[in-house]
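A.B. asks: Input: one structure, supplied below.
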Amino acid sequence: ATAVADERPDLVSFASADGRVTILFSDIENSTLMTERLGDSGWIEVLREHNSIFRRRLSESGGYEVKNQGDGFMLAFPDPAAALECAAAVQRDLEEQQAPESERVRVRMGLHVGEVIEEEGDFFGRSVILAARIAAQARGGEVLISEALHEAGGAAIDRDDGRELELKGLAGTHRVFRLEWAAESALI
């Protein structure tokens, strides 16, 4: 147990100067249907490519893989702009894959920036829940960001006008924005 604890990174180092962390959740849309269609061997190849894209872009963005959730990730970033660029780059990479339309991997993502609680190599708290609930509202190929992240990103992000959503288990409505990632100029 001591050896494992020693190998865990200090997740607090993934916070920005103001103590906030940008959390990204992702999920492959219709992954179970793809597994049924491709079989286990075919699916694992698709998943390996997906994971490779995420991990390469994550490394380039200075983020950290908190956990892999089978067909998605929980990622953490100290820099909100780097998190947004990572999400956009992953979506562009997935879009550029030469797979037939029926096998194209479509990933939904949700991001939020806020304070988190670090415990035993994981993050917890309302900010984590908010990021996860935002991701659950996204469609495949869509990146949704919280109002707090929208404000943190300022004019440097290309996004829609936003919409109000009710998020499971959270009181009231929450304004989210769709990140426009398709063009290279999406992030200035």
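The values are calculated or read from the model by the stated rules, or taken from the named source; none is laboratory data. In this text the structure is predicted, and so the values were computed from the model without any measurement. Virtual Cβ from ideal backbone geometry, glycine too; neighbours counted across all protein chains shown. These area figures cover heavy atoms from the full protein model, side chains too; ligands, DNA and RNA do not enter into them. Shrake-Rupley method; radii C 1.70, N 1.55, O 1.52, S 1.80 Å.
Residues are listed down the side, and each one gets a yes or a no for (1) under 12 Å from the mean Cα position of the chain (by Cα); (2) under 20 Å from Asp27 (Cβ atoms); (3) not in a helix (DSSP H, G or I):
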| site | (1), (2), (3) |
| --- | --- |
| Val113 | yes, yes, yes |
| Glu118 | no, no, yes |
| Phe123 | no, yes, yes |
| Val128 | yes, yes, no |
| His150 | no, no, no |
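A.B. asks: I'd like to know if region 29-50 contains one or more residues that are under 23 Å from Gly153 (Cα atoms) and aliphatic (A, V, I, L, M). Outline the logic, then answer.
C.D. replies: Just the residues of region 29-50 that are under 23 Å from Gly153 (Cα atoms), to begin with: none.
No, every residue in region 29-50 fails to be under 23 Å from Gly153 (Cα atoms) and aliphatic (A, V, I, L, M).
A.B. asks: Is it true that some residue in region 89-102 is among the basic types (Lys, Arg) and in contact with a Phe, Trp or Tyr (Cβ under 8 Å, 6 or more places away or on another chain)?
C.D. replies: yes
A.B. asks: Taking the condition of being surrounded by 20 or more Cβ atoms within 10 Å (Cβ to Cβ) and over 10 Å from the mean Cα position of the chain (by Cα), how many residues in region 59-76 meet it? Quick ask: steps written out before the conclusion?
C.D. replies: To start, the set of residues in region 59-76 that are surrounded by 20 or more Cβ atoms within 10 Å (Cβ to Cβ) comprises 61, 63, 66, 71-76.
Still in the list and also over 10 Å from the mean Cα position of the chain (by Cα): 61, 63, 66, 71.
Of the residues in region 59-76, 4 are surrounded by 20 or more Cβ atoms within 10 Å (Cβ to Cβ) and over 10 Å from the mean Cα position of the chain (by Cα).
A.B. asks: Considering only residues that are open to solvent by less than 70 Å² (accessible area, probe 1.4 Å) and either of a type in the set (A, V, I, L, M, F, W, C) or in contact with an Asp or Glu (Cβ under 8 Å, 6 or more places away or on another chain) (or both), which ones fall in region 25-36? Full working, then the answer.
C.D. replies: Filtering region 25-36 for residues open to solvent by less than 70 Å² (accessible area, probe 1.4 Å) gives 25-29, 31, 34-35.
The answer is Phe25, Asp27, Ile28, Ser31, Met34.
A.B. asks: Given the residues Arg139, Arg133, Arg92, Arg108, which is the only one that is in a loop (DSSP other than H, G, I, E, B) and open to solvent by 10 Å² or more (accessible area, probe 1.4 Å)?
C.D. replies: On the way: Arg133 fails: in a loop (DSSP other than H, G, I, E, B); Arg92 fails: in a loop (DSSP other than H, G, I, E, B); Arg108 fails: in a loop (DSSP other than H, G, I, E, B).
Testing whether each residue is in a loop (DSSP other than H, G, I, E, B) and open to solvent by 10 Å² or more (accessible area, probe 1.4 Å) leaves just Arg139.
A.B. asks: Follow-up. When the residues of region 37-51 are narrowed to those that are of a type in the set (Gly, Ala, Ser) and at negative phi, which ends up most open to solvent (accessible area, probe 1.4 Å)?
C.D. replies: Going through the qualifying residues, I end up with Ser41.
A.B. asks: For region 53-68, give me the residue count where each residue is in a helix (DSSP H, G or I) and among the small types (Gly, Ala, Ser).
C.D. replies: Let us first name the residues in region 53-68 that are in a helix (DSSP H, G or I), namely 53-61.
From the residues that got through so far, the ones that are among the small types (Gly, Ala, Ser) too are 59, 61.
So the answer is 2.
A.B. asks: When the residues of region 92-120 are filtered to those that are acidic (Asp, Glu) and farther than 21 Å from Ala152 by Cα, which remaining residue is modelled with the highest pLDDT?
C.D. replies: From region 92-120, those acidic (Asp, Glu) are 93, 95-96, 101, 103, 115, 118-120; that's our starting set.
Retained after the next criterion (residues that are farther than 21 Å from Ala152 by Cα): 93, 95-96, 101, 103, 118-120.
Values: Asp93: 95, Glu95: 91, Glu96: 89, Glu101: 66, Glu103: 74, Glu118: 89, Glu119: 90, Glu120: 88.
So the residue we want is Asp93.
A.B. asks: Oh, and also: With the requirement that a residue be touching a residue at least 60 places away in the same chain (Cβ under 8 Å) and part of a strand (DSSP E or B), what does region 152-175 give you?
C.D. replies: As a first pass, look at region 152-175 and keep what is touching a residue at least 60 places away in the same chain (Cβ under 8 Å): 152-153, 156-157.
Residue satisfying the conditions is Ile157 alone.
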